[in-house]
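Asks: A single structure is presented below for examination.
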Amino acid sequence: MTVKRGTLSYLKWPLITTVIGLGLSGWLGWETEGTMSGVVSFLIVGAVLAALEIALSFDNAIVNANKLVEMTPVWQRRFLTWGILIAVFGMRIIFPLAIVAIFAWINPFAAMHLALSDPDEYSRIIGHAHGPISAFGGTFLMMVALKFFIDEDKSIDWIEMLERRLRRWGSIRGFEISFVLVIVLAISQTLPDKDIGRFLTSAVMGLLVFAMVDGLGTYLDNIAGSTAEIGAKGGLGAFLYLEVLDASFSFDGVIGAFALTTNILLIAIGLGIGAMYVRSMTIMLVERGTLAEFRYLEHGAFYSIFALSIVMFLQSIVHVHELITGGVGMTLIATAFYASILHNKRQA
């Protein structure tokens, strides 16, 4: 992970995946519609889904790169191979099927049959599950963002007036949890009575999963280094953390994809193409040391995560278009990138 390569070399596999994926999209369109207009329609939707995934997950790539730097080369390779398989097949195919199986009280095979035979009903069940999914993802992502900013050991501030105060609040035990719970309770009061229970349960589950994954990672990191075997286990905590984080980022893309198409195979192809670009961006950020060169880029990513968590909470009440979600994230990261360039010029 230390040898620098040309920019185009990072795009080799994503481009191959794009060609294969769009080819499969066109074939799926022909098999489904039997017309050239169907082929073109499926090609366009597949490309839009890939672009949507990239826009929503760029901040995910930055956070992944930040965590990968701390991992051993062995666990870096495991995340970039096993992790991408879990991300593409687990979150883009198995996750939507699991949602339908849980909320419709049917087995996964019946959920797959429903997805292929009655995509409209499948999409309706996914939409019905949107509130609890948003509560879980919003809670988890907000905890991730707050943990970064509310940290007494954090030494670099971008928006100094705000981030200095947040660092001081790090001395208050449980401040992040209290803040998130206040947000959750406030949102729950705006929901219909029949939805409050599911919303609160999902939010608490998001909080528990964050605490468990973060605690496991801290524990394994603390004991790492005694032996080679335990050192490898130290990478396991970071691996699990990144997998859950990727899952939380994927919620918005998967749900948003159903606004474009109800064909689960096309969704898997389009989002899978986007996931390969995110993987390549992660590798490039690590190998080129971009996070060290642009000191505020990571801050922009975590501000973007916080914004995404707010959007996910709001989606329990109103629909927020995915272009707005992706646009806010990209704007924050671009602003942080520009601020980093200005800082480097001042230092020079």
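Asks: Would you mind finding the one in Leu97, Leu114, Leu80, Leu85 that is in contact (Cβ under 8 Å) with a residue 12 or more places away in the chain, part of a helix (DSSP H, G or I), surrounded by fewer than 18 Cβ atoms within 10 Å (Cβ to Cβ) and aliphatic (A, V, I, L, M)?
Replies: Leu80
Asks: Still on this structure, I have one more. Please indicate, with yes or no, whether at least one residue in region 68-91 is within 30 Å of Ile183 (Cβ to Cβ), among the aliphatic types (A, V, I, L, M) and in contact with a Leu (Cβ under 7 Å, 6 or more places away or on another chain).
Replies: No, every residue in region 68-91 fails to be within 30 Å of Ile183 (Cβ to Cβ), among the aliphatic types (A, V, I, L, M) and in contact with a Leu (Cβ under 7 Å, 6 or more places away or on another chain).
Asks: When you go through Val45, Val63, Val74, Val39 one by one, which is the residue that is within 20 Å of Thr17 (Cβ to Cβ), in contact (Cβ under 8 Å) with a residue 60 or more places away in the chain, of a type in the set (Val, Ile, Thr) and in a helix (DSSP H, G or I)?
Replies: Val45
Asks: Hey, among the residues in region 139-176 that are part of a helix (DSSP H, G or I) and touching a Gly at 6+ places or on another chain (Cβ under 7 Å), which one's modelled with the highest pLDDT?
Replies: Thr139
Asks: Could we say that Tyr338 is more than 30 Å from Pro119 (Cα to Cα), buried (at least 20 other Cβ atoms within 10 Å of the Cβ) and at pLDDT 85 or above here?
Replies: Spelling it out, it is not the case that Tyr338 is more than 30 Å from Pro119 (Cα to Cα), buried (at least 20 other Cβ atoms within 10 Å of the Cβ) and at pLDDT 85 or above.
Asks: Restricting attention to region 264-314, and to residues there that are of a type in the set (S, T, N, Q) and crowded, with 24+ Cβ neighbours inside 10 Å, which single residue is nearest to Val144 (Cα to Cα)?
Replies: Result: Ser309.
Asks: Here is a check on your reading of the model: is Ile126 at pLDDT 80 or above, assigned to a helix (DSSP H, G or I) and either surrounded by 14 or more Cβ atoms within 10 Å (Cβ to Cβ) or in contact with a helix residue (DSSP H, G or I) (Cβ under 7 Å, 6 or more places away or on another chain) (or both)?
Replies: no
Asks: I would also like to ask the following. If I filter region 11-30 for residues that are closer than 25 Å to Thr331 by Cβ and touching a residue at least 12 places away in the same chain (Cβ under 8 Å), do I get at least one hit?
Replies: The answer is yes, given that some residue of region 11-30 is closer than 25 Å to Thr331 by Cβ and touching a residue at least 12 places away in the same chain (Cβ under 8 Å).
Asks: Taking the residues in region 173-184 that are loosely packed, with under 11 Cβ neighbours inside 10 Å and not small (Gly, Ala, Ser) as candidates, determine which candidate is nearest to Ile317 (Cα to Cα).
Replies: Only one residue tops the list, namely Val182.
Asks: Residue by residue through region 35-77, note down the ones that are hydroxyl-bearing (Ser, Thr, Tyr) and surrounded by 21 or more Cβ atoms within 10 Å (Cβ to Cβ).
Replies: Matches in region 35-77: Ser57 only.
The values are calculated or read from the model by the stated rules, or taken from the named source; none is laboratory data. Keep in mind that what you see is a predicted model, and the values were worked out from it rather than measured. Cβ coordinates were reconstructed from backbone atoms using ideal geometry, including for glycine residues, and neighbour counts include every protein chain displayed.
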